[in-house]
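Undergrad: Handing you this structure, nothing more for now.
Every number in this text was worked out from the coordinates using simple rules, so none of it is lab data. All figures in this text were calculated on a predicted structure; none of them were measured in a lab. When we count neighbours, we look across all protein chains shown, and the Cβ atoms used for this are built from the backbone with ideal geometry, even at glycine.
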Amino acid sequence: MGETMKIGIMTMEQYKNRTIAVAAGRYAPGRNEPKVWFPSIESALQVLSSKNQDLLRIIVEKKPDSLTELADMTGRSKSNLSRTLKTMERYGIIDIIRESRRIIPLPKAKRFQIDIQLTAPQHQGRVATPKKA
């Protein structure tokens, strides 16, 4: 688990253009660029709400080894936790290990830093140079 995860805010259009540029080799993301992107600050704040920060804190500190144990620790229903964890997994905030019939959440960071992109990040990474034949 890393200490700090950088989270970026970028519109879907910007993210799509960035992804196409990366795939085409026209843009290489910089080392300090976010690895996790949200389409709006509102969506980031929803996933990282105070309630979900408490959930992540419990996962980091108590290391539950199943969804049932996490439900007991938090007082939240398993179905609610399952939805929340799947959303966090989709955004890359946690990994979910599926072992037999158990679901084990593993956080990827203890801290989050938000980087808001007002324009496409054309100059933050490096422009890929064509390879010589």
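Undergrad: Most fluctuating residue of VAL22, VAL60, VAL36 in a GNM of the chain with Cα springs under 10 Å: which is it?
TA: Among VAL22, VAL60, VAL36, the largest GNM mean-square fluctuation belongs to VAL22.
Undergrad: Which entries of LYS62/LYS110; LYS62/LYS108; LYS35/LYS108; LYS16/LYS51; LYS86/LYS110; LYS16/LYS110 have Cα-Cα distances beyond 22 Å here?
TA: Beyond 22 Å: LYS16/LYS51; LYS16/LYS110.
Undergrad: Further, regarding this structure: What ³J(HN,Hα) values, in whole Hz, does the Karplus curve 6.51 cos²θ - 1.76 cosθ + 1.60 give for the stretch 25-35 when θ = phi - 60°, with x put for Gly and Pro?
TA: Each residue of the stretch 25-35 in turn: x, 8, 8, 10, x, x, 4, 8, 6, x, 9 Hz.
Undergrad: Check which residues have an amide H placed less than 5 Å from ILE7's amide H, if you skip close sequence neighbours.
TA: For ILE7, the qualifying residues are GLN113, ILE114, ASP115.
Undergrad: Rounded to the nearest 20 debye, what is the charge dipole size of the chain about its Cα centre when +1 sits on each Lys and Arg Cβ and -1 on each Asp and Glu Cβ? Kindly include the intermediate steps, with their values, before the conclusion.
TA: Details: 24 positive and 13 negative charges, 92 e Å.
Computed charge dipole of the chain: roughly 440 debye.
Undergrad: Under 5 Å between amide hydrogens, which residues at least 5 positions from SER40 or on another chain qualify, with H placed 1.01 Å from N in the peptide plane?
TA: Hits under the 5 Å cutoff: MET10.
Undergrad: Can you list residues whose amide H is under 5 Å from ILE103's amide H, if they're 5+ apart or on another chain and H is modeled 1.01 Å from N?
TA: Here the answer is LEU67, THR68, since their amide H atoms fall under 5 Å of that of ILE103.
Undergrad: At R0 = 22 Å, how high is the FRET efficiency between LYS6 and LYS62 if r is their beta carbon distance? Nearest 0.05 is fine.
TA: Efficiency, from the Cβ-Cβ distance: 0.30.
Undergrad: Return a whole-number percent for the relative contact order of the chain, with Cα pairs under 8 Å and 6 or more residues apart as the contact set.
TA: Values: 178 pairs, mean separation 56.0, N = 133.
42 percent.
Undergrad: Could you give me the ³J(HN,Hα) list for the stretch 44-49, computed from phi with Karplus coefficients 6.51, -1.76, 1.60 and θ = phi - 60°, whole Hz, x at Gly and Pro?
TA: After applying 6.51 cos²θ - 1.76 cosθ + 1.60, I find 5, 5, 5, 5, 9, 4 Hz.
Undergrad: Separate question: Enumerate the calculated ³J(HN,Hα) couplings along the stretch 95-102 in order (Karplus 6.51 cos²θ - 1.76 cosθ + 1.60, θ = phi - 60°), each rounded to whole Hz, writing x wherever the residue is Gly or Pro.
TA: Going residue by residue, I get 10, 10, 9, 9, 10, 6, 10, 9 Hz, with x marking Gly and Pro.
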